[in-house]
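> My questions all concern the structure below.
The values are calculated or read from the model by the stated rules, or taken from the named source; none is laboratory data. All figures in this text were calculated on a predicted structure; none of them were measured in a lab. So basically every Cβ, Gly included, is an ideal-geometry build from the backbone, and we count neighbours across all protein chains shown.
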Amino acid sequence: MIMVDSSVWIDYFNDTETLATKKLDDLLGIQPICTGDLILAEVLQGFKHERDYQIAKDLLCSLPIHSMLGTTISLQSVENFRKLRKQGITIRKTIDTMIATYCIENSLLLLHADKDFHPFQQFLGLQVV
């Protein structure tokens, strides 16, 4: 199963062609794709126009949606953030730490376009598409 990060969905819904959005296009309907409640909130809150919001909401809600945050993932996210910080790496967004940790703990591949995920891949075993 492949979790698609908000960094990809935002470009996708804005018709911004990137390597990640091309990959998403290739995967849709072929590979199992999912999203998470945190990603859903990040993506949908950015829409200005009701029609665009409804189209995106319908598409995202047609996918399996994982509840990503609970006590276990919260605490493991803290541990992962601290491990990276001890190596001199500070992750800019807490939500990225939570998403990466969820994917690591649940053996999900992550499709992203955000450099904050690179240390999780390099040092903590995050698997990416």
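> Take the residues of the stretch 79-124 that are touching a residue at least 12 places away in the same chain (Cβ under 8 Å) and over 20 Å from S6 (Cα atoms): which is surrounded by the fewest Cβ atoms within 10 Å (Cβ to Cβ)? I'd like the intermediate steps shown before the answer.
Just the residues of the stretch 79-124 that are touching a residue at least 12 places away in the same chain (Cβ under 8 Å), to begin with: 80-81, 83-84, 87, 89, 91-114, 116-117, 119-120, 123-124.
Going one step further and asking which of them are over 20 Å from S6 (Cα atoms), we end up with 80, 83-84, 87, 89, 123-124.
Working: N80: 23, K83: 14, L84: 20, Q87: 11, I89: 15, F123: 13, L124: 14.
Result: Q87.
> I'm trying to understand the selection: among the residues of the stretch 40-67, which are more than 25 Å from C103 (Cβ to Cβ) and not hydrophobic (A, V, I, L, M, F, W, C)?
K48, H49, E50, R51, D52, Y53, Q54
> Within the stretch 49-58, is there a residue that is farther than 14 Å from H112 by Cα, touching a residue at least 40 places away in the same chain (Cβ under 8 Å), part of a helix (DSSP H, G or I) and in contact with a helix residue (DSSP H, G or I) (Cβ under 6 Å, 6 or more places away or on another chain)?
Yes, the conditions are met somewhere in the stretch 49-58.
> Taking the condition in contact with an Asp or Glu (Cβ under 6 Å, 6 or more places away or on another chain), surrounded by 15 or more Cβ atoms within 10 Å (Cβ to Cβ) and in contact (Cβ under 8 Å) with a residue 24 or more places away in the chain, does S6 pass?
Numbers: in contact with an Asp or Glu (Cβ under 6 Å, 6 or more places away or on another chain): yes; surrounded by 15 or more Cβ atoms within 10 Å (Cβ to Cβ): yes; in contact (Cβ under 8 Å) with a residue 24 or more places away in the chain: yes.
In short, yes.
> When residues of the stretch 7-29 are filtered for being out of contact with any Leu (no Cβ under 8 Å at 6 or more places or on another chain) and either part of a helix (DSSP H, G or I) or modelled with pLDDT of 95 or more (or both), how many remain? Walk me through it before giving the result.
Taking the stretch 7-29 as the starting set, the residues that turn out to be out of contact with any Leu (no Cβ under 8 Å at 6 or more places or on another chain) are 7, 10-11, 13-19, 21-22, 25-26, 28-29.
Okay, now just the ones that are also either part of a helix (DSSP H, G or I) or modelled with pLDDT of 95 or more (or both), so 7, 10-11, 13-19, 21-22, 25-26.
Number of matching residues: 14.
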